[in-house]
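What follows is a single structure, written as structure tokens, with notes after it.
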Amino acid sequence: MDIKIKASKIELTEAIEAAINEKLGGLNKYFDNIIGIEVEVGKTTAHHHKGDVFRAEVNLEVPKKVIRAEAETDDLYKSLTEVKDKLKIELVKYKETHVQ
């Protein structure tokens, strides 16, 4: 499984890359035919929020479909965890309806 990572308005450190690979690499246990994953992480501004807001957006390609999830929180690692949890739910749904 190929994971492509893009960062906007933050530096993509080894720690961030490792966290992305650890969290999203584990999605194979829910569906083993993941074609590829595109991840975009970054800092964004939220109009009504104080402090930093971190965003994680993931496009996960499976046969005949792209599953998309995103999350915004005050911590990049929390955003990655939320995205992983959303993708896990969608992968299980996809597997139930498309794989027999």
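Read-outs: derived from the displayed coordinates by stated rules, not from any lab. Just so it is clear, the structure is predicted and the values come from calculations on it, not from any experiment. Note that each Cβ is placed from the backbone with ideal geometry, even for glycine, and that neighbours are counted across all protein chains shown.
Relative contact order for region 45-100: what is it in percent, counting Cα pairs under 8 Å that are at least 6 residues apart?
Averaging sequence separation for qualifying contacts and normalising by length gives 28 percent for region 45-100.
Does region 1-48 come out rounded, prolate or oblate, given a ≥ b ≥ c as the square roots of the eigenvalues of its C-alpha gyration tensor, rounded meaning a/c under 1.5 and, failing that, prolate meaning a/b above b/c?
Verdict is prolate for region 1-48.
I'd like the distance between the alpha-carbon centres of region 23-45 and region 68-100, rounded to an integer number of Å.
Spelled out, the Cα-based centre of one part sits 8 Å from the other.
So what's the chain giving for Cα Rg divided by 2.2 N^0.38 Å, two decimals?
Dividing the Cα Rg of the chain by 2.2 N^0.38 Å gives 1.10.
To the nearest 10 degrees, how steeply does helix 14-25 sit against the main Cα axis of the chain, on a 0 to 90 scale?
Between the helix axis and the principal axis of the chain, the angle is about 30 degrees.
Quick one: longest stretch of the chain between exposed loop trypsin sites (Lys or Arg not before Pro), exposed meaning at most 15 other C-beta atoms within 10 Å and loop per DSSP?
Value returned for the longest uninterrupted segment is 10-49.
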